[in-house]
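Heads up: the structure comes next, in structure tokens.
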Amino acid sequence: MTSVERDDDRPVRGHCEPAFERVREALAASIASGAEVGAALAVAVGGRLVVDLWAGHADAARTRRWERNTLVNLYSVGKAVSAVCVLRLVEAGRLDLDAPVATWWPEFAQAGKARLPLRYLLTHQAALPAIARPLPSGAWSQWDAMTAALAAQAPWWEPGTGHGYHVNTQGFLLGEVVRRVTGRSFGAHLREGLTGPARLDFFVGMGPEMDPRCADVVPRPPSPEDEELRRRLGVDPATLTGLDLMRVHAYRNPPEVSGTGVVNTRAWRAAEVPSTNGHGNARAVARLYAALAGDGRLDGFRVLSPETIARARTPQVDGDDLVLQRPTRFGLGFQLAMPERPLGPNPRAFGHFGAGGSLGFADPDAQVAVGYAMNQGRGGWQHKHVRHLIDLVYAALAG
């Protein structure tokens, strides 16, 4: 089957196989309507890239076109990439999911955490989604300050008795374990151990030479979901205690830890905030998940063994989330498909969304992998605008 090529005069560039033409049309419509400023979609089936499309602009003023190699902040899509790095070290015998974190990070034993297992960092059961002590502006860029604060932090609930989404802290927690074991920063280990050998355009911590490739994140249009989040986070933390304080600090301690106000700056792009500031493109994400949807190999490079992939997608927690206050479902570092938030039609699909709707997921039953990147997106957590594209992918597969 021949790919449909799109030249530079078309609103959507790249290629897709003829069966997926409606997917291309939907992406074009989202740009034309203003639903997205710039976006890219990649789909692999059986390890083969059948959709690789990009469209729109990389800036709010619409002066820079989205290009084939454009990178953008993918927010929490990076959580699953961090998990892959950790699981690779588990496979190599350098980490043990059931051993205490303090085995490799002795300072972590403070505040009753001496026996807390590594597994809980992946499953959001570690009870460390926030730092109680107020941190100054810019502390997110100071790795040692963030990890020292997390080492000193007492769990917000009894670890293992519940789960709560570690919005911004999971990457520092996992990244410090990686640093202690490998002797390299998380971003350096990611490049040298995974994304470099696998030829994946995904980075945590970038030099200024990469800035010309970066799309700016554009403010999302108003939505009830975003307005409600702003209302909840706008409360003075000094008036809060317990889990209410935890939920606010998870997003805004230090103040810009979610990228607020700094996401397009050189400082943000240079820093290592693995849960939140990974930059990549849809093609890289789809290629990584193509390996996870199959035998774990990508162009001859082994990402993970089939046995580890099966463990990673096995449900670990499923139920009310103490941070998000809605149901969530996780494997080992991966979000799992839910009726309210499906990843295609098959229940064994697994992956991770990012703020606004960026996404990577693998469907082992259909051998499908999807990567989606954009610089605006929509509020809320169900991301119906992305679900429409996914539905069209599966409709094409069904013929």
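The values are calculated or read from the model by the stated rules, or taken from the named source; none is laboratory data. What you see is a predicted model; the values in this text were computed from it and never measured. Here the Cβ positions follow ideal geometry from the backbone for every residue, glycine too, while neighbour counts run over all protein chains shown.
Taken residue by residue, segment 196-217 has no member that is assigned to a helix (DSSP H, G or I), farther than 21 Å from ARG88 by Cα and under 18 Å from the mean Cα position of the chain (by Cα).
This table checks each residue for (1) modelled with pLDDT of 95 or more; (2) of a type in the set (Phe, Trp, Tyr); (3) under 13 Å from the mean Cα position of the chain (by Cα).
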site	(1), (2), (3)
GLY360	yes, no, yes
ALA366	yes, no, no
TYR372	yes, yes, yes
GLY377	no, no, no
HIS383	no, no, no
HIS388	yes, no, no
TYR394	yes, yes, no
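One residue stands out in segment 14-40 among those that are under 15 Å from GLY377 (Cα atoms) and assigned to a strand (DSSP E or B): the one that is farthest from the chain's Cα centre (by Cα), namely GLY38. The residues of segment 276-311 that are under 21 Å from ALA337 (Cβ atoms), surrounded by 23 or more Cβ atoms within 10 Å (Cβ to Cβ) and of a type in the set (Gly, Ala, Ser), listed by number, are ALA282, ALA286, ALA290, ALA291, ALA293.
Restricting VAL81, VAL43, VAL51 to those that are outside any strand (DSSP E or B) and touching a Leu at 6+ places or on another chain (Cβ under 8 Å) reduces the list to VAL81.
Exactly one residue among VAL257, VAL235 is surrounded by 22 or more Cβ atoms within 10 Å (Cβ to Cβ) and either of a type in the set (S, T, N, Q) or out of contact with any Gly (no Cβ under 6 Å at 6 or more places or on another chain) (or both), and that residue is VAL257.
I'd like the residue in segment 248-278 that is free of Cβ contacts under 8 Å to residues at least 12 places away in the same chain and more than 25 Å from ASP201 (Cβ to Cβ) and, out of all such residues, is nearest to the chain's Cα centre (by Cα). The selected residue is THR260.
Answer yes or no as to whether ALA215 is hydrophobic (A, V, I, L, M, F, W, C) and loosely packed, with under 12 Cβ neighbours inside 10 Å. Against the criterion (hydrophobic (A, V, I, L, M, F, W, C) and loosely packed, with under 12 Cβ neighbours inside 10 Å), ALA215 does not qualify.
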